[in-house]
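No value in this document is a laboratory result; all are computed from the given coordinates. Keep in mind that what you see is a predicted model, and the values were worked out from it rather than measured. Here Cβ is always computed from backbone atoms with ideal geometry, including for glycine, and neighbour counts include all displayed protein chains.
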Amino acid sequence: MQFVNSTKIITVVKADDLPQLKEAGAIVRQGGLVAFPTETVYGLGGNALDPEAATKIYAAKGRPSDNPLIVHVAQPEEIEGLVAKIPAVAIELIERFWPGPLTLVFSAAAQVPRRTTGGLSTVALRMPAHPVALAFIEACGCPIAGPSANLSGRPSPTTAQHVMADLAGRIDMIIDSGHTGVGVESTVLDVTVSPPQILRPGGLTLEQLREVIPSVTVDPTTVQDTPPEIDLVRAPGMKYKHYAPKAEVLVIEGKPEGIAAKICELYDTYISRGKKAAIMATTETAHYYGQRRTEIVGTRADLGSVAVNLFDRLRCFDAQGVDVVLAEGVDMVGLGLAVMNRLRKAAGYRIIKV
Ligand code: TXA
Ligand code: MG
């Protein structure tokens, strides 16, 4: 596969910047790829109805082609031609949570190419809550296949600079609208089963979903603290090594004080062995680490702040040439469920409990 040589970056702050978005839309209609902002992370957009565009997306990301792409729409009504059946619960969820960080898995209509769905008979759909994303999809005039705009295996991009670092020269355009708001990807919910099941915890919390579906279940492989049995994982993307910076990551889980004491001990051991170690801390615990190399990811009092910064912090350790990242675990409530799912994967399930 031949990649484009230069990637154009445009800055779009407001959704009414029509000339720029029209240019982006024309690229997609001609079969090209445009990275675009959403409220969760940046997506890599291509025409979801064009199998060639899906092939290009897999190649640009270096992604296995059995890992299905999320299809983005600008209006709830647009899902009608894309799904074979809309369960009643989905209508309720769409009314309550769209636009927003909730992706719903439906049985797919025949017109959705199997290359977009990674060969599956189901399709994942979402309407993002970002004005520029919605204006971009409208400018394209077609549903947009949009995986996270990172190289496969790397942390998802929350800025256009992250997209550049991974995909410059591999895609046609990047729409830069600044830092994304949520920071972790959407929650993927399978509504083809009853009760619906979370296949990937994400930006819409389990607690929020329970308000509409009290019986909602969670794929146990996404919340366990040991590497999942590959055959049991239900969202194909959740079985791959993921979110990893180049440095080795270790997660230390438990009560904050115990975590901090263990991290100090590990840090000093690594340094004495000539390794460049770094700590991913929270505001509540940062003072324990003294002069040790520390990055604050957010506050335990608001796990949304940890979600927003998580991928950026994981990437920043690479820029510092760090060998080992010692990351603090947080509570698996609210957005903490998605944060811990990503962090444990980034660590390849190297977890120390204190
Ligand atoms: O927030 C997000 O969801 C971002 C933004 C750009 O919208 N997109 C995103 O896409 O995270 P991606 O491709 O990086 O992750 C999609 C996840 C993967 O784990 C994939 O396996 C799963 O959703 N998925 C997609 N279609 C599916 C399907 N039909 N059945 C089960 N899982 C599916
Ligand atoms: Mg991804």
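Condition first: of a type in the set (Ser, Thr, Tyr) and either more than 9 Å from ligand 1 (Cβ to nearest atom) or in contact with a His (Cβ under 6 Å, 6 or more places away or on another chain) (or both). Now tell me which residues in region 153-179 satisfy that. Scanning region 153-179 gives THR158, THR159, SER177. When region 120-146 is limited to residues that are part of a loop (DSSP other than H, G, I, E, B) and over 21 Å from the mean Cα position of the chain (by Cα), the one that is farthest from ligand 2 (Cβ to nearest atom) turns out to be GLY141. Just one of (1) more than 14 Å from THR187 (Cα to Cα); (2) in a loop (DSSP other than H, G, I, E, B) fails for GLU77. It is (2). In the set (1) assigned to a helix (DSSP H, G or I); (2) among the hydrophobic types (A, V, I, L, M, F, W, C); (3) more than 14 Å from ligand 2 (Cβ to nearest atom), ALA60 fails one condition alone, (3).
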